[in-house]
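Written below as structure tokens is the structure these notes are about.
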Amino acid sequence: MTTTVRVRYAPSPTGEPHVGNIRTALFNWLYARHTGGAFILRIEDTDQQRIVEGALEAIYDSLDWLGLAWDEGPRVGGPYGPYIQSERKAMGIYQEQADQLVREGHAYYCYCTQEELEQMRKEQQRRKEPPRYDRRCRPLTDAEHKVREGKPKVVRFKTPLAGDPITVHDIIRGDVAFDPATLDDFVLLKSDGFPTYHLACVVDDHAMHISHVLRAEEWLPSTPRHLLLYQALAWDPPLFGHMPMIFGPDRAKLSKRHGATSTLEYRDQGFLPEAMFNFLALLGWSLDDKTEIIPREDMVRYFSLERVGKSPAIFDRTKLEWMNGVYLRQLPQDKLVNQLAEALDSYIQKHQELVQVPPSPDYLRAVVPLVQERLKTLNPQEVWDLCSFFLVELPEYGEGLTPKGMAPEVTRAALQATLAILQALDSFDAATMEAALRPLAERLQLKTGQLFGAIRLAVTGRTAAPPLFDTLAVVGRERVLARLAGAITKLSDETRP
Ligand code: GLU
């Protein structure tokens, strides 16, 4: 019998989704699309203390940005809703299961207060024992429960005290065995009536007919507990697969220390969703161990759980930047111009004082082909840094005016000769300028690289810039001549004894 694939992404709205978290969403989405199954979004907001305002929107925005549309869930509905756990709690869904587990002897009420639990933990620490609930409410008799009626209570699961190992048959990791003696009597329902993650997750995965639970490796220790719950509720468990961890380049768990960790930060830093999608998909999955640039349709076509690895994936920002550059260069020219214009615009709005040559769409269309090879992101600052010398009257000469190995005198003479030649030209197109200036190097007994380097520095203020003559053509006759004249004056001042 073939089962329909139904997978879910079940984030908690506790902050902006981490890239690792969205990688989980992405793998679930890919698996659903690859198999023709359903991708379900469920919001796990039962830990009310940890809810962060705006986090829900950030989850939706992250998924929208990467084009990970869900088939069932908030905003779109579906046959097994609601898909937000606090709404399900209000319907009494988890309470019902908790009551049933107590009734059938799989769970019990526990009245221990925070202070008692704290005390218990301290004593265990002192005895160098692992901290865990000592099960003191487990043997309470009916009469003993009766006298505690009205006291705040939680529902705890009766974990087997001993017995055979609990084996998780993990799709990615193979069999992983857990000794039941290491599991404590975990809480199912809190005193405020909210379920814990364990209860809510199992109840909902069952209710929503989830076929495969694909989640991060950090949840693996929860899985034996979930299996015990499925058993107690006499439900068939879904299949489980735990995705590999994500490390920074230093092989430590990815954290703020490594830079941005929220998916939306990457959006705001000017990364393209296509590039981020490709990059995240390769964090733990590979097509063939070598192909890096994989179009989305191919990912959907070839994605398989067999090719999801066990060992940690490395989040390498340099690789992401490279990949983003590849995707940027693949953008249709018009789209790239629009995106660049948008990025520049947002920079310009905040730094009006820096712009002396406001870019018209036509001017930008001429600039884009020149900078696009060097572009890594659409980050406004980066775009500005690449293009700024096109948008000011005079560039900054932070790198000086003399190319390496050339004396200021020689540079000044070379620029003077250049100015004279360019002034005399009728046409200011790249080919004409190049034809006129190439012979000059020889006449001045300079290498072409030296002469062109001097011109580049004078016109752009940089040693590395787009192709020289195309740049001159776009900067335009008037400004090029003014910059050359300005540079000559500066050099004269510097060389005056
Ligand atoms: N709410 C959990 C999280 O925030 C979901 C874990 C799971 O997928 O079971 O990641």
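Could you state the angle between the C-alpha long axis of helix 448-460 and the longest principal axis of the C-alpha atoms of the chain, as a value from 0 to 90 degrees rounded to the nearest 10?
The angle comes out near 70 degrees.
Sort region 152-208 into rounded, prolate or oblate with this rule: let a ≥ b ≥ c be the square roots of the eigenvalues of the Cα gyration tensor; rounded if a/c is under 1.5, and if a/c is not under 1.5, prolate when a/b is larger than b/c, oblate otherwise.
Cα axes put region 152-208 in the oblate bin.
If you line up the long axis of helix 19-35 against the longest principal axis of the chain, both from Cα atoms, how many degrees apart are they, to the nearest 10?
Its long axis makes an angle of about 80 degrees.
With an 8 Å cut-off on Cα pairs and a minimum separation of 6 or more residues, tell me the relative contact order of region 167-299 in percent.
With pairs under 8 Å counted, the relative contact order is 21 percent.
Give me the Debye-computed log₁₀ of I(q)/I(0) at q = 0.09 Å⁻¹ for the chain, equal point scatterers on Cα only, no solvent, two decimals.
-0.76
Report the calculated FRET efficiency for residue 304 and residue 333 (r = Cβ-Cβ distance, R0 = 45 Å), to the nearest 0.05.
Computed FRET efficiency for residue 304 and residue 333 comes out at 0.80.
Using the Cα centre of the chain as origin and beta-carbon charges of +1 (Lys, Arg) and -1 (Asp, Glu), tell me which of 177, 231, 299 is placed farthest towards the positive end of the dipole.
177
Under the rule a/c < 1.5 gives rounded, and otherwise a/b versus b/c splits prolate from oblate, where does region 437-497 land using the Cα gyration tensor?
In terms of gyration-tensor shape, oblate.
Quick one: putting +1 on the C-beta of Lys and Arg, -1 on the C-beta of Asp and Glu, what dipole do you get for region 59-152 around its Cα centre, in Debye to the nearest 20?
Charge dipole of region 59-152: 640 debye, to the nearest 20.
Using alpha carbon centroids, what distance separates region 316-384 and region 240-266, in Å?
One Cα centre to the other: 27 Å.
Express in whole angstrom the spacing between the alpha-carbon centres of region 386-465 and region 99-174.
Region 386-465 and region 99-174 have Cα centres separated by 79 Å.
Please report, in debye to the nearest 20, how large the charge dipole of the chain is about its Cα centre when each Lys and Arg carries +1 at its beta carbon and each Asp and Glu carries -1 there.
Value, rounded to 20: 960 debye.
Residue 250 to residue 443: extension gain in nm, 0.36 nm per residue of separation minus the Cα-Cα distance?
Value of the extension gain: 64.1 nm.
Over the chain, what is the relative contact order in percent, taking alpha-carbon pairs closer than 8 angstrom and at least six residues apart?
Over the chain, the number comes to 12 percent.
Going by Cβ distance under 4.7 Å, what cysteines of the chain have no possible disulfide partner?
112, 201, 387
Just need the relative contact order of region 423-479 here, percent rounded to a whole number, with Cα pairs under 8 Å and 6+ apart.
Rounded, it is 43 percent for region 423-479.
With angles folded into 0 to 90 degrees, how steeply does helix 55-66 sit against the dominant principal axis of the chain? Use alpha carbons for both and round to 10.
Taking Cα atoms only, the helix is inclined about 50 degrees.
In µm²/s, what is D for region 360-497 at 20 °C and 1.002 mPa s, where D = kT/(6 pi eta Rh) by Stokes-Einstein and Rh is the Kirkwood radius from Cα pairs?
D = 140 µm²/s.
Determine the shape class of region 257-349: with a ≥ b ≥ c the square roots of the Cα gyration tensor eigenvalues, call it rounded for a/c under 1.5, and otherwise prolate if a/b is greater than b/c, oblate otherwise.
Judged from the Cα gyration tensor, region 257-349 comes out oblate (a/c at least 1.5, b/c at or above a/b).
Any read-out appearing in this document is the output of simple, stated calculations on the displayed coordinates, not a laboratory observation. On a predicted model such as this, the values are computed, not experimentally measured, just so you know. Counting neighbours? That spans all protein chains shown, and the Cβs are built from the backbone with ideal geometry, glycine included.
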